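Encoded as structure tokens, the structure appears first; notes follow it.
The values are calculated or read from the model by the stated rules, or taken from the named source; none is laboratory data. Computed from a predicted structure; not experimentally measured. Note: ideal-geometry Cβ built from the backbone for every residue, glycine included; neighbour counts use all protein chains shown.
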Amino acid sequence: MSPAFRLTPLVFALTSTASLAADNTLTGDWGGLRQQLEEDGIHITGDYSGETAYNAHGGLHRSARYSQNLKLGVQFDLSKLYGLDNGGKVQLTVNDRRGNSASEDLVGNRLPIQENYGGLYTRLTELSYERSLFTPALNLKLGYMAMGNDLGGLDSGILCNFMNAGFCGHPLNMSGGSGWTNYPNAHLGARVKYDLSPSWQLRVAAFNVDPQSNGNSSRAWHLGPKHSTGTVVPVELVYKVQGERPGEYKLGYYYDSSNVKRIGSDQDVAGRSGHYLLVDQALWNDPASAGRSLHAFGQYSASSKAASPFTRWYGAGVVLYKPFEGRPRDTLALGYGRAVPNPRSRQLLENTALDAGRDFPGLDSAEQLIELSYGYQATPWLNLRPDVQYIIEPGAFSGEAIDNALVVGLQVKATF
């Protein structure tokens, strides 16, 4: 065997390793096929997230729990595929979730410690069509989708520098007290975006409300509703600050026309509503290091006392981008959140305890969360996030006397 031939596998291995560390995706360009598909109008995506959480102190039990989410998607650019003028795009997404809940099994709190836990089965999460309409300033999207993909969260993605679902995504009292649904729960609906100016945008949507399909594995591939109760209509005004210190501000309102049982009563209440304010603002940029900046975020959400399990959510925190000179894509995040139970729900728990001859524990008025995380971008396609969460009054929603919990975790995200 010639020396050149013997060296070939080694050279190939070194090249593959270097490529793996530099590629934007784990699977690379598929020998050029991926790039060719992109040019033809077919964009294929895939990602994995795994979240392990260990309850080190307080809560219910000392142990660990793991949950995961797999997502595969394909987007068809009809303009490229068929040579159409403003043909629009079709998005197809499939989602699979597995694992166990640290909140349910180990701590007993309301705000999910693992944001990717819930709906443990394979499902269709989006089949939608999107295009501009009449003018480039007006964008329409309709089909089967999660409304939280387009409304109720910050576009910057700053909130997903955390592992707890109280931060990552959308204020949870919105989905707890109305027909609002977040990923992976999807419903039939339509969303319109209109650019009022380069800085201002208006978003309006309407989605079918179908509580019986949420988290129901038998409805995993059914686009149509099982039992419609009404329509939820969110309206959102977005303002984006341009310049050296960018910012994003969202003011939203939503109304759900469904009739539901009033908490503590056998009577129905007609309609549920809520409002929210979300902020992401850059506070500081390092003039000596491009990309290093400090952002602050804030969340406030209020929902109807008639039927919402918790009526207020407050969240605030900071995220430092590029915390070290040699780590340009890393992040350091610290957040505080407070979820306030509905006083009517608390009264029901107290009455139930008294009727059973039990004392009701002296609980604070809210479940509180402090979270610290570090996002380590190991490669362009792999992010490792060590995470610490301290949960105050885990039993605020259940009426149980549960010690404050200290949870340590690790989130792994990979792009295929």
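Quick notes on this one:
- GLY317 buried (at least 18 other Cβ atoms within 10 Å of the Cβ) and not in a loop (DSSP other than H, G, I, E, B): yes
- Candidates are the residues of the range 193-213 that are in contact with a strand residue (DSSP E or B) (Cβ under 7 Å, 6 or more places away or on another chain) and under 15 Å from TYR144 (Cα atoms); the one that is surrounded by the fewest Cβ atoms within 10 Å (Cβ to Cβ) is ALA206.
- Matching residues in the range 363-382 - criterion: being more than 26 Å from ALA302 (Cβ to Cβ) and either surrounded by fewer than 20 Cβ atoms within 10 Å (Cβ to Cβ) or of a type in the set (Lys, Arg) (or both): LEU372, TYR374, TYR376, GLN377, ALA378, THR379, PRO380, LEU382
- Number of residues in the range 307-326 that are at pLDDT 95 or above and more than 23 Å from GLU367 (Cβ to Cβ) equals 5.
- Subset tally (residues that are surrounded by fewer than 16 Cβ atoms within 10 Å (Cβ to Cβ) and either under 24 Å from SER293 (Cβ atoms) or basic (Lys, Arg) (or both)) for the range 224-250: 8
- Test for GLY28: is it touching a Ser or Thr at 6+ places or on another chain (Cβ under 9 Å), on the phi > 0 side of the Ramachandran plot and modelled with pLDDT under 95: yes
- The residue of the range 81-116 that is farthest from PRO394 (Cα to Cα), among those that are in a strand (DSSP E or B) and in contact (Cβ under 8 Å) with a residue 60 or more places away in the chain, is ASN95.
- Qualifying positions in the range 309-338 - under 21 Å from TRP381 (Cβ atoms), touching a residue at least 12 places away in the same chain (Cβ under 8 Å) and of a type in the set (Gly, Ala, Ser): ALA333
- Residue, farthest from HIS170 (Cα to Cα), within the range 329-362, restricted to residues that are small (Gly, Ala, Ser) and surrounded by fewer than 14 Cβ atoms within 10 Å (Cβ to Cβ): GLY357
- Of all the residues in the range 38-64, those that are acidic (Asp, Glu) and not in a strand (DSSP E or B) number 3.
- Which listed residue, of ALA296, ALA306, is touching a strand residue (DSSP E or B) at 6+ places or on another chain (Cβ under 9 Å) and surrounded by 19 or more Cβ atoms within 10 Å (Cβ to Cβ): ALA306
- Any chance ASN216 is crowded, with 17+ Cβ neighbours inside 10 Å and within 26 Å of PRO112 (Cβ to Cβ): no
- SER101 crowded, with 17+ Cβ neighbours inside 10 Å, among the hydroxyl-bearing types (Ser, Thr, Tyr) and modelled with pLDDT of 95 or more: yes
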